Amino acid sequence: MKTFIIDDEQANREILQILIRKYYPEIEIQGESDSLDVFLQSETLQRSTDLLFLDILMHDKTGFDLLNQLNKRTFEVILVTGFEEFALQAFEHSVIDYILKPIDKDRFCSAIEKAKKRISEKDLLESVKDKLNTQSKIPVIKNKKTHYIEYSNVAYMIGQSGGYTTIFCKNGESYLLSKSLSNIENECSEIPYLVRASQSVIINLQDIQTCDQGGSGYIELRTNNFEIFLPRRKKREVLTQLEIYLKA
């Protein structure tokens, strides 16, 4: 985690640095300033900062002036001020916490822990997004060319003998892939709308068009009007997954 400190009083900047180094040595202090402009004029600094300690009343400007000028803020903010009356305005700017001067050690640590948790959650979310992005396409070879098929364009996949799988796309195209259905299932395990409906078929929940009422029966997809017969238990599992996906 990287942090930056903005406060027009040197003593306050030094206190924050002492507290960070003593209780959170893993946090890298990128720098400190008595001016908003140093931070505001550096997009590189804004992108690299995870946590900003920001004073509110500074010379002829306020910390809110900085927050109002940043359209896309990727870092968390802890406001540090000697005035209680700015609390409501502070949280309207979605800051992670608000610390009054003189800084209390326990209050400081509580704010840091909140920031660490929020940043950790954001990092985890980005990690999941990156994973989904890297797995968003299937490379297949057809007519001596590699085609990259988006998972969202897949309607259903049928496993073939010899470890092959035929992929049928919503746009009417089909491709033969030299991978078993089980291998493909493992690779797309993070894609919530692709479901193993039977031993030989994976379907896209988004493509389901109709379903027979009652226990066992057929589920029909829009693409090619493909139908698959499912026994009662498996049909219930697929429909439950569809319901969960639609709610999400």
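Below is a table of values for the structure above.
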item	result
Qualifying strands (runs of 3 or more DSSP E) (wholly inside region 159-248; at least 2 residues being of a type outside the set (Asp, Glu) and either within 19 Å of TYR148 (Cβ to Cβ) or under 33 Å from the mean Cα position of the chain (by Cα) (or both))	164-169, 174-177, 194-196, 201-204, 208-211, 217-221
Count of region 55-107 residues which are polar (S, T, N, Q) and surrounded by 13 or more Cβ atoms within 10 Å (Cβ to Cβ)	3
SER136, sole failed condition from (1) among the hydroxyl-bearing types (Ser, Thr, Tyr); (2) in contact with an Asp or Glu (Cβ under 7 Å, 6 or more places away or on another chain); (3) farther than 30 Å from ILE191 by Cβ	(3)
Residues satisfying the stated conditions in region 175-212, i.e. out of contact with any helix residue (DSSP H, G or I) (no Cβ under 7 Å at 6 or more places or on another chain) and basic (Lys, Arg)	LYS179
Sole residue being at pLDDT 90 or above, charged (D, E, K, R) and touching a strand residue (DSSP E or B) at 6+ places or on another chain (Cβ under 7 Å), chosen from LYS114, LYS105	LYS114
For GLN209: the one exception among (1) buried (at least 19 other Cβ atoms within 10 Å of the Cβ); (2) in contact with a Leu (Cβ under 9 Å, 6 or more places away or on another chain)	(1)
Selection from region 213-224 of residues that are touching a residue at least 12 places away in the same chain (Cβ under 8 Å) and out of contact with any helix residue (DSSP H, G or I) (no Cβ under 6 Å at 6 or more places or on another chain)	GLY217, TYR218, ILE219, GLU220, ASN224
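Here's the yes/no breakdown for (1) closer than 18 Å to VAL238 by Cβ; (2) surrounded by 15 or more Cβ atoms within 10 Å (Cβ to Cβ); (3) not assigned by TED's automatic domain parsing to the domain that holds GLY217:
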site: GLY172; (1), (2), (3): no, no, no
site: PRO192; (1), (2), (3): yes, no, no
site: VAL195; (1), (2), (3): yes, yes, no
site: SER198; (1), (2), (3): yes, yes, no
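The values are calculated or read from the model by the stated rules, or taken from the named source; none is laboratory data. From a predicted model like this one, the values you see are computed outputs, not experimental measurements. Note that we place each Cβ from the backbone using ideal geometry, even for glycine, and neighbour counts take in every protein chain shown.
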